[in-house]
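The values are calculated or read from the model by the stated rules, or taken from the named source; none is laboratory data. All values derive from a computational prediction rather than experimental measurement. Don't worry about glycine lacking a Cβ; one is built from the backbone with ideal geometry, like all the others, and counts go over all protein chains shown. Only protein heavy atoms, including side chains, enter the accessible area calculation; ligands, DNA and RNA are left aside. Shrake-Rupley method; radii C 1.70, N 1.55, O 1.52, S 1.80 Å.
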Amino acid sequence: MTAPNTSTTVTAPRTKQDYRAPLAVLTTLFFIWGSLTSLNDVLIPFAQNVFNLNLAQSFLIQTAFFFAYFVFSIPSARIIDWIGYKRAIIVGLSTMVAACLLVYPAAKIPSFPFFLTALLILAAGITVLQVAANPYVAVLGRPETASSRLVLTQAFNSLGTAVFPWVGARLILKESVNAAAQSASQDAVVKLYVYFFAIVLVLLAVLFAVFRLPKMEAAEHRIGQKIGDSVWQHPNLVFGAVGIFVYVGAEVAIGSSISNYLALNNIGHFASNVVDPAARYLAAKAVAARYISVYWLGAMVGRFIGSAVLQKVKTSRVLAFCAILTALLVAVSVATNGPVAMWSILSVGLFNSIMFPCIFTSGIAELGQLTGDGSGILNTAIVGGAAIPWIVGKIADAINHAHYPTMTQGELSWGQGIHYALIVATFCYLYILFYAVSGSRPNSERYAKG
């Protein structure tokens, strides 16, 4: 991305300082929150089994998680204004530790509302990390390579999203719904969140407390400081917020649906030798959930490739190319069956890869000292991950109700509704195409010809 040479452009100090160590430390945050976020995709079939939920109800896991971005992103930006980027990161990590500990009673009771509360608090901590770390990485170096730098760190986020769905599927999901299997699943959830992630997060908080991160004063301001600008005077930010909303919504809707989608007999053909339809679908979901990692692995590979491509190609062009391909891949998957439908939907992850960092860096371009506030707005838009998956689930349930009226609530995920409901994602990607072509232009480009 070429950043215009204006007085409001955010830049790191023009010194020969080596930012590799700070970037490496910050990258650990991207990995850990990617791991925790992607585990939601495994928790959805887990909740369907344990709590006997239909699609829309189980997708409330994503609704609770991503609703936190809507509630806490702007307050997170204020926290950064008050205490700075580094201390805000420590606050976010501490909040996540508390949330992981809350998973213990939520899983042991077990209580779905309690579980949703723990995920909401966990997401609140991740929100603080997102609001602080994304702009920090963007300004930690030359503005010309901001997109490339953020894509690279997001690649390690995708490493976490690729590894932990596979781990979670192996540990949490069981092919049986008897009491012993459910108890084993609940114990696995406790081990992951309480005994692994809580400890790792404490260690990370200590690391950030002792590590000396460089100050980014060009991207900071303090409460009460007068700034002769407004975030609402930057259309690239406003359009970018909508872009983040639909992008995260589409990405999460697909990831959340993979286990149910591929478990359909006309898509994944898993456990086809099992005669009983209930047993077959349950066994197929346990296998299909492992393919969530393939979806997120594609995002990781795409981000490593994208980081190099964005060094040479303008951000908006790369974003437009990926938006076209994702829209086509989803449409193909919805219109077909078998391996074509399966691998086209899994391939979407590869082209999703660069979208968030490209939209984010384009959205905060030329915001100067409003960068923290702009980051808060963009992260608020991540609430799309709460809204769009739930909408997809409601549409899928409505289709299943219409075509399979005799199904009980727990069986509703068996039908073809999810197959067709994912067409919603195509419309999301078409908006991103608009943003790439027109909406992402900063003010220096937007008004230069006027």
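Here are some notes:
- Distant alpha-carbon pairs in the chain (separation over 30 angstrom), percent: 41
- Amide N proximity, the range 237-268 versus I74 label position 7 Å along Cα-to-Cβ, cut-off under 12 Å: none
- Inter-part distance where the range 74-109 and the range 291-343 are each reduced to a Cα centre, Å: 32
- Listed residues V294, V128 arranged by accessible area, highest first, probe 1.4 Å: V294, V128
- Taking all protein chains as they are arranged and a probe of 1.4 Å, the heavy atoms of Y195 leave approximately 130 Å² accessible to solvent.
- Zone residues, the range 326-356, relative to H269, backbone N less than 11 Å from point 7 Å out along Cα-to-Cβ: 338-340
- Summary of packing: across the peptides 268-276, 296-304, the per-residue average of other C-beta atoms within 10 Å ranks them, highest first, as 296-304, 268-276.
- The alpha carbons of the range 229-341 occupy a box of 65, 30, 23 Å along the principal axes, longest dimension given first.
- Rounded to the nearest 20, the size of the Cβ-charge dipole of the chain about its Cα centre is 960 debye, with Lys and Arg at +1 and Asp and Glu at -1.
- Cα-Cα over 32 Å, subset of K314/K394; K86/K191; K108/K285; K86/K394: K314/K394; K86/K394
- Gained length - Y195 relative to A21, 0.36 nm times residue gap less alpha-carbon distance: 59.8 nm
- Using a cutoff of 8 angstrom between alpha carbon atoms and counting only pairs six or more residues apart, the relative contact order for the chain works out to 28 percent.
- Taking only protein heavy atoms and a 1.4 Å probe, the accessible area of the chain is 66% carbon and sulfur.
- Contact order for the range 79-129, expressed relative to its length and based on alpha carbon pairs under 8 Å spaced 6+ residues apart, stands at 49 percent.
- Take the Kirkwood radius over Cα pairs of the range 330-442, plug it into Stokes-Einstein at 20 °C and 1.002 mPa s, and you get 131 µm²/s for translational diffusion.
- Sequence of L430, L329 when ordered by accessible area, the most exposed leading, probe 1.4 angstrom: L430, L329
- Exposure rank, largest accessible area first [D187, D41, D373; 1.4 Å]: D187, D373, D41
- Peptide ranges 161-170, 380-389 listed from the most packed, as the mean C-beta count within 10 angstrom indicates: 380-389, 161-170
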